[in-house]
Structures are given as C-alpha cells and as structure tokens.
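The values are calculated or read from the model by the stated rules, or taken from the named source; none is laboratory data. Remember, it's a predicted structure, so these values are computed and weren't measured experimentally. Here Cβ is always computed from backbone atoms with ideal geometry, including for glycine, and neighbour counts include all displayed protein chains.
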Amino acid sequence: MSFVRDDLRPVQRRTAILLLLCAAAFLILLGRLWTLQIIQGEKWQRLAESNRLRRLPLEAPRGEILDRHGEAIVNNRPAFQLLLFPEEIRNHEESTRFLVNLGIGDEATVRERVARALRASHLPSVIADNLTWAQMAAVAAHRSEFHEFEIHQTTRRSYPLGPSAAHLVGQLGEVGPEQLGRQDNLRPGQLVGRSGLEKAYQNVLGGTMGNLVVMVDALGRQVSKLSEEKPLPGKPLRTTIDAGLQRAAAAAMAGQVGAVVALDPHTGAVRALLSQPAFDPERFAGFVDHNYWRELLANSYKPLNNRALQGLYPPGSTIKPLFAAGALADGTRGPGDTVFCTGQVHIYGHPYRCWLAGGHGRVDVETALEVSCDSYFYYLARDAGLERLAAWARTLGLGRPTGIDLPGEVSGLVPSDEWSRRTRGHQWFAGETISVGIGQGPILATPVQLAVAYAALVNGGYLVRPHVVTAAATPPVPVGLPAAVLARVRAGMERVVNGDRGTARRLAALGAPRKAGKTGTSQVVRKRDGVKWRDLPWEQRHHALFVGYAPAQAPALVVAVVVEHGGDGGSVAAPIAGQILAHAFGDGVEVSGGENGAHEDSWAAPPPGAGNRRESP
Amino acid sequence: MSVRQLDPWLLGAFLLIATCSFLAQNSTAQALDSPGFATRQLVWLFLGAGVVVVLGLSDYRVWARAAPALYALSLGLLAAMLVFAPLRAGTRSWIGFGSFGGQPSEVVRVVTILLIGLLAAEHRQRRSDLAGVVRLCAVVATPMVLIALQPDLGVSLTYLPILLAALWLGGLPWRVWTALLLAALALAGAAWLWYLKPYQRERVLTFLDSDRAPLAAGYQQRQSRIAVGAGGLTGRGLKSGTQSQLRFLPAQHTDFIFAVWAEETGFAGAGLLLAAYATLLMRIFLVAIAARDRLGAVIAGCVGSWLAAQTIFNLAMVLGLAPTTGITLPLLSYGGSSILATCLGLGLVQSIWRLRFANA
C-alpha cells in the first residue's frame, strides 16, 4: 500500500482535542441524566402518574325530598355531563372552539368555564351538563383529538311540583371556591344547595362523592380500572310538607304576588310554604343558565326572594288578636270593656278613622275582632303604650327569627323608642303608637312569624318553632297567656268567619269544619278619598292579609296568607286561605272572590272629609 | 489475521450497546404492539456485528482505493432515487424489493468518509490550500444536498459533522474557521427563511423558549423528560415503563428510544449505556490517534466525529438539552440501514486499529 507514514502529530493533536470535547459533552449528559433521574426523579414520577392515572369523580346522587306521606317533592333523573381534565388540554384554542361548536355556550361562557377548570388543576371539572345525545356522539367521535373530555353519567334534579315548591326546596348551584376549600368532600363543578331545603340539609342530601381511578393511555383510552370507591348516595329527606296542600296553595295563589305559610299549630310542622312569583327550579338543576339568572335578578317582583321568610309586611289588622290577648291578660282591658265606635276617634288632638265610616257602635273585645274595629284598638294602643304593645308582639314571636330550618329568614321589626332614636334619629311619637295598634306604621312581620303567633294563640299558648324537617329539641315555650284570655280571643276570631258582621264571613259558606281567623289590610300609600282600591295602580294597592285556622274548636292547621298589593284582606286573602283550609279538610269547594261581602277597609263609601288615620302627631 | 487483533474495548462497548438496543426495542415493540420490530433489530445487530468483524479483518486501504468509484456510484444512486424511489412518508429515501431494503443515504456517509480520507492522504503536504477546502466541501455537500432533496433533513445533517471534522483534521487555520462560522450563520439564516418548514421552525422556537406553546410543540420533549425522570435510580422494569407502554412517549422506537431505556432501567441502566457510548467514542478517537497513516487517522477521526455528534445530539434532545431534530441514536434506534452504516464505520475503525503497526 502506498499510504506513507508522514508526520501525524498535528492530526493526532487535533484528534485529541475532539476526544476531549466528546468527553466533556458526555460529562454534561451524565450530569443531566443524574439531575432528571436522581434529583428530580420524584417530580417526574408524579407527572408520569398523572399522565396515566385518571381519577374520575363518581357523583353521589342527591337524596330525594319527600313530603309527609312519602310523595316526592324533588327526585332525580339520569343525565350526562361533560368532564374536563385540565392537564390533558393540548391546544386551548381548538378545545375552546370544539366546546363552542358543541353548543354548550357562547365563547365567553366556554372560556370562563375552562379558565375555572384550569384553576382546579389536576381535578376534573364539569364543563357542561345535561348533554344531548347529539352532543355525546360528537364528543365520542372526537375522542382521539381531545383527550381532555370525558362523558360522565350522573343524575339531575327533577321537580314534580315545579315552581310551586321552588323557594321551599331551593336552588342548586355550583360549589364556590371558598366552600370548596372548607369541605374536602366537594369537587369543582359539583352542585350544592344554595337555598331552601337543598342548602339547609346539604349534608343529608349531598352524600359523599366516590372515585374511580383508571389507567389511560396516551390517546385517553381507558386501559384498566385500578380502584373504585363507590359514592355514598345522599339520604332521602322526609319533610313535614303536604304536597297536595302545597299544590292547593299554589293554585289558590295563582297570579298573585305574596306568600303562604301553613303549619300545624301544635308542633310547628310546616305543611305548605309558598312564595310568589316563583322561578323554575329545573333551570338551576344543572349549570346555571346565566341569562335566566340575570332575568330573575332584574325582575322587579324579585322572584328569588322567599317572601314566606323574607317578606316584611305591616301586619295590619292581623295584629289585633295579639294585642287583644295581651291587653286582656294584663288587665289593660276587661272582657266586658266596650268602646263606642263612631267611625272616628280623636286622640292627642288628632282624628283617627275607623275603616267603617259609619262606625261600629258599641263593641267589646270579641266584637272588635269580629268587625275589625279600629277605634277599639286605637284606644287600646293609647292605654297600653308602645312598650306594652311591643312586649306583647315579642311574646308571640314577632321581631326575631322564628328559627325555621330554612336559610335566609329575617327578623321583622317591633319598634321601640330606642329603635327610633337609633335608626331614625328622632324620638318615638305617641301618635305612632296609635297606628301600631292596628298593625300599621313601623311594625313589620313575615308570613311565617304571623303563622307562629297565631299558632300560639290557638294551641293553648305555646310558641312553637316552625320546621320543615327537624323539630326543635326543646319543648315549645309557654307564652304565659291564661286559657280564659285565649278562649276569648279565639271566640272573636271565630266570629270573624262565623259572625253576622265578620270581615271574613264569606268563609262560613265553606261549611265544616268551622274556620276562624283574622283579616288584615295594610296600607302601602296614604288612602285617597273616593278611590276604590281596584282603581289604584297595582303597586299602590294595600297588602291583603289573612291568618286563619281550622277546625275552630280543635285547630289542626294555621294558614297565613299575604297578597302583596292584593287590595283587601277579607275579599282577597281570606278566600285564598279558605281554599287552602278547604283542601286540607277534604272538601274542594271554591271560595269566590269579589265584593259580595263586608270589606274591611273597602273604600266603597268613605266618610266625607274624614282625616287620615295614620297621621302622626 | 484473527479476531483477537480487534480492539476488545470497542467490541465490548458495541456488544453492550447492541444488547441494550435489543432489550429496549423489545420493550417498545410491546408498547407499539409490533413484535417484529425487536426481532428485526436483533437480526440487524447480528449482521452488523458480522460486518464489524469482517471489515475489521479486511484492509481499510483497499476500501479507500475503491472510494472514488464507490462515491460515483453512490451519487448516481442518490440522484436516481430522487426520481425513481417510492414516496414513503413524504420522502424518497428508501429503496428495495418488497419489504427488504434500506436507506442508501446512511451507507453513502461511510463512502464519503473513505473518499475524504483518501483526499486527505493524497494532499498531506499542502496544509491549507483553498482548492483542497473547496474539494472537501464539494465531496460532502453533494450527497448532503441530494439527501436534503429527498427530503431527509435529519440524515442530511449528520453529514455536517463529517465535513467539519475533515476540515479540522486537515489543519484548517483559525481565520478560516471564523469565516466558516460566519458563513454557517448566514446559511442558517437563509435556511430559516427559505428552507425550514413551519413545524421545524416551531421546534427550534419551542426549544429556545420552553414556555412557548407548552402543550403543543413541546409535548414530545415534555413526555421524553417525564419518561427519563420517572426512571429514577433503578427504573420501572423492562416493559413496565408507563410512558412508553401507554404510548405517551412519541417516536419511541426511533428518536426517543433512549427515553424508553432510561425509564425502564433508571439511572443504573441509562448511566451504563451512556458509559458504553462514551467508551465506544473515546476508543474510536484513540484509534485515530494510534493510526499508522494519515488515511486511517482521518477515516477514524471522521467516523468518531460523525457518531459522537449524532449520539450527543440525540441524547441532548432526549434529555431536553437540544431541540427535537429527528436525529436517531446510533445502534439503539430502530433501523437496519443506520445499524449497517454504523457497523461499516466501526469495522473500518477496527481495521485501522488492527493495522496500526503495519509497515506496508
């Protein structure tokens, strides 16, 4: 071979440099290998695990809500959800576009939901609810492109009673971040009770989520099931509600704004609880429909408010039995004491009108209740003074929450001089006491408070705690009213329905059992002479109230009805209560409304030139 | 002439790598559900071992003499392939009958190295003439361009370290290196603008800025790092790496085969394999230093540079230190042509070692 051996040293030197470079490169690679495998090994192992393991939440079906006879008020039906595994997203834009095309919401909604899912990092989030078959097919068809989606069968709330039980049952909503932090059995996107029974008994109804751990391959296909932790379904909730009565209440209140509370006066067990206008609970059963939510918030009738617990109304004449009982009990009035009603009284130099322009003539306490004589109670209020009126109202549960086992109850208002100075900045005026005597002015009660107060009047004098599920652990508190006083007041209330001059005497036509109660009409604006309430704009009409009970001899049900701007207690609220009581006691007789009877505060014949009864001195 | 005249270090490292290669391919074959991959790799490795021994026992100088003819044949073949080779996965890089065949571009590399060695030996006295440099560049660039036109950028790029090594060993002065560096930068810029496809640009950008599209283009590298890191000290066991077995790892039998090995055998196995590669490459450079003549020194130096560059770039890519380029790992990655080419190179190096003291 002709390849001569010349001086190779320069080549060898340069080769040695290459060798050193190569050795240096390998040292770097070895260092990198050490870093990845030994120093950061655990981190990468965790990532490999999250690559292959998927924890699928197994949602626990919420417990059914049943009425006292076991009829479902809320139950469940199967539904399909779309789960998003945020860590699996490969291309945000494409995923977002896919979701938008799927029709689960507009782009802004989708982006917001995806962003929220991302904050929950390694846990899957519910991104869409109540999928249609077409949507499920589309997700299945694009499985290989979008590994981050998973269809999940679950259950969804169903409401046999529809909107009529909306406030009672309450709505569901997605669990909020702060609640998520407090309770570790909750998961992002999970629906929890936001109001009503769903909220109050979330712990009973909610159950415990389960877990399914599966191994998936890079295409998101389930390879094997590693472990399964079965969900614990929520427990059924047996309530004291009577579904039939609830339906009857809704039917009787159809088209009205207001509330109904019906309860057992002896135990406080609520049989019906209605607030109108209502919302459609179905639209909260899955993801909140934001347009619907905004619509509800913007609605001037505030359909989200539960008026039975949150509506504040001047009780009007429905306060009279409370004050009558108080006055008889402490001797402010004797059973035989009378007042001569001329249709107008003068106290502190101011005229106060009775609702009946011609006057009621001589009335004792029973008659005063029967005909709802204002004059009698003006004098009573003057003689008792604010402090005693307030004490009587408080004794019967006004001015503080009743403690019903539903969220959001308000206290109402029983005034005092101290209250006046604190919130209004001026002292209490004596003339205001006279107005409070007929339930007007700064005295406010909720429908459930009225029902509880009347329950105490008719159950032998015990203040019960109203409840939909759990009764109070402590026995009812005696309010300290003697049996004779209670009998007298009840006799007056029986005459409201059954007396010849009773303001709710139309209810007598309903027949057995004998009913009793008290009408009320509370002013919203000052009365103008010569104007019938039916000619006033709706928002200026009076609130119509009636609190009644039956059977009169042995009361088993108290019903409080408030119709906002209904006009007149006797002709509007009483027939509604009558219809509910009629349903409760087995006859379906309709009680007609209209002006065919005596109307308390009916403006049919106002006395000419009379002053205003709410005038403050 | 005996096998015992061959370098035992080089042979030992080769056999260790070949064993790892079969085991890794056996794992990935299960993951990809293609048992044929492991079997074929094993056959090629055996054939490769034969090539190393046979070539090692031959005289590299004979092959160098034939280099011009082989080179001409190779260029003709590469040119003809641009027209006649079947289009597979978008390139015309493969020829053969039925399923038997291969990628000539891999083997042509060895022919090119032989020719470079021949040129270097013949022009030993004139250290730095421009004509020599131009000739060298032309010898390497011609097949590179033909291969790049197939288009197979990955294989084409593996010719670049050979050219650089040839120039370096040929004694090109520093000022020329500076000029070359500038030219390379200009070329890279031009390639960026006119040659690279958008996905290739994206790969480079993704590497330079790992926050860029972390879930799209960075996916492969991320999965690779997860696989390597999850291996820990002792690995998850052969055929038990979840990253490969559940197919999170992309191109796992070719570009990312080292990640499979690292995940399943951990630092123990991956470190051992790294040591085997280091031994193999160091040994090749030592053979170059020990060569009896300039021809042997240049051939071994070029083979060493080629294999070192390809190995280091592939490992850097798998370990997340370099962008994803489609460069395979010699001997470990699946592929008969690549194994054959590597073994041809190793065989020549063995021959150079065996004949280091030869006088004629």
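Residue A:51 meets the stated requirement of being within 14 Å of another protein chain (Cβ to nearest Cβ), buried (at least 18 other Cβ atoms within 10 Å of the Cβ) and either under 30 Å from the mean Cα position of the chain (by Cα) or part of a helix (DSSP H, G or I) (or both). Take residue A:167 and tell me if it is surrounded by 21 or more Cβ atoms within 10 Å (Cβ to Cβ) and either out of contact with any helix residue (DSSP H, G or I) (no Cβ under 6 Å at 6 or more places or on another chain) or at negative phi (or both). Considered against the rule, which asks whether it is surrounded by 21 or more Cβ atoms within 10 Å (Cβ to Cβ) and either out of contact with any helix residue (DSSP H, G or I) (no Cβ under 6 Å at 6 or more places or on another chain) or at negative phi (or both), residue A:167 comes out as yes.
For the criterion of being of a type in the set (D, E, K, R), buried (at least 19 other Cβ atoms within 10 Å of the Cβ), touching a Gly at 6+ places or on another chain (Cβ under 9 Å) and within 18 Å of residue A:377 (Cβ to Cβ), residue A:494 fails. Among the residues of segment A:189-220, those that are within 14 Å of chain B (Cβ to nearest Cβ) and in contact with a Phe, Trp or Tyr (Cβ under 9 Å, 6 or more places away or on another chain) comprise A:217, A:218, A:220. Among the residues of segment B:291-308, those identified as at the interface with chain A (Cβ under 9 Å from one of its Cβ atoms) and part of a helix (DSSP H, G or I) are B:294, B:295, B:296, B:297, B:298, B:300, B:301, B:304, B:305, B:308. Only a single item in (1) outside any loop (DSSP other than H, G, I, E, B); (2) on the phi > 0 side of the Ramachandran plot is not met by residue A:494, and it is number (2).
Residue A:44 meets the stated requirement of being at the interface with another protein chain (Cβ under 9 Å from one of its Cβ atoms), closer than 20 Å to residue B:248 by Cα and among the aromatic types (Phe, Trp, Tyr).
Mind telling me which of the residues B:167, B:119, B:160 ends up being away from every other protein chain (no Cβ under 14 Å) and of a type outside the set (Phe, Trp, Tyr)? Of the residues listed, the single one that is away from every other protein chain (no Cβ under 14 Å) and of a type outside the set (Phe, Trp, Tyr) is B:160. Are any residues in segment A:71-115 under 29 Å from the mean Cα position of the chain (by Cα) and either within 14 Å of chain B (Cβ to nearest Cβ) or hydroxyl-bearing (Ser, Thr, Tyr) (or both), and if so, which ones? Correct list: A:109 only. Can we say residue A:37 is under 60 Å from the mean Cα position of the chain (by Cα) and facing another protein chain (nearest Cβ under 7 Å)? So residue A:37 passes the test. Examine segment B:56-71 for a residue that is within 14 Å of chain A (Cβ to nearest Cβ), buried (at least 16 other Cβ atoms within 10 Å of the Cβ), in a helix (DSSP H, G or I) and hydroxyl-bearing (Ser, Thr, Tyr), and state whether such a residue exists. Yes, because at least one residue in segment B:56-71 is within 14 Å of chain A (Cβ to nearest Cβ), buried (at least 16 other Cβ atoms within 10 Å of the Cβ), in a helix (DSSP H, G or I) and hydroxyl-bearing (Ser, Thr, Tyr). Flag not set for residue A:513, criterion: over 21 Å from residue A:314 (Cβ atoms), touching a strand residue (DSSP E or B) at 6+ places or on another chain (Cβ under 8 Å) and modelled with pLDDT of 90 or more. Taken as a whole, the condition of being under 24 Å from residue A:179 (Cβ atoms), among the aliphatic types (A, V, I, L, M) and within 14 Å of chain B (Cβ to nearest Cβ) applies to residue A:118.
Considering only residues that are farther than 26 Å from residue B:303 by Cβ and buried (at least 24 other Cβ atoms within 10 Å of the Cβ), look in segment B:246-258 and name the one that is farthest from the chain's Cα centre (by Cα). The extreme case among them is B:248. Every condition in (1) at negative phi; (2) at pLDDT below 75 is met by residue A:189 except one, and the failing one is (1). Tell me, yes or no, whether segment A:193-206 has at least one residue that is part of a loop (DSSP other than H, G, I, E, B), in contact with a Pro (Cβ under 7 Å, 6 or more places away or on another chain), within 20 Å of residue A:78 (Cβ to Cβ) and modelled with pLDDT of 85 or more. Within segment A:193-206 (the criterion being part of a loop (DSSP other than H, G, I, E, B), in contact with a Pro (Cβ under 7 Å, 6 or more places away or on another chain), within 20 Å of residue A:78 (Cβ to Cβ) and modelled with pLDDT of 85 or more), the answer is no, since none of the residues qualifies. Across segment A:155-179, the number of residues qualifying as within 17 Å of residue A:76 (Cα to Cα), small (Gly, Ala, Ser) and over 13 Å from the mean Cα position of the chain (by Cα) comes to 3. A single entry from B:40, B:4 fulfils the requirement of being in a helix (DSSP H, G or I) and in contact with a Gly (Cβ under 9 Å, 6 or more places away or on another chain): B:40. Looking across segment B:269-290 at every residue that is in contact (Cβ under 8 Å) with a residue 12 or more places away in the chain and within 7 Å of another protein chain (Cβ to nearest Cβ), the one that is surrounded by the most Cβ atoms within 10 Å (Cβ to Cβ) is identified as B:288.
In the set A:410, A:469, A:448, A:458, only one residue is within 20 Å of residue A:324 (Cα to Cα) and not assigned by TED's automatic domain parsing to the domain that holds residue A:166; that residue is A:458.
The criterion of being part of a helix (DSSP H, G or I) and surrounded by fewer than 20 Cβ atoms within 10 Å (Cβ to Cβ) holds for residue A:423.
The sole residue among B:51, B:3 that is under 21 Å from the mean Cα position of the chain (by Cα) and of a type in the set (Val, Ile, Thr) is B:51.
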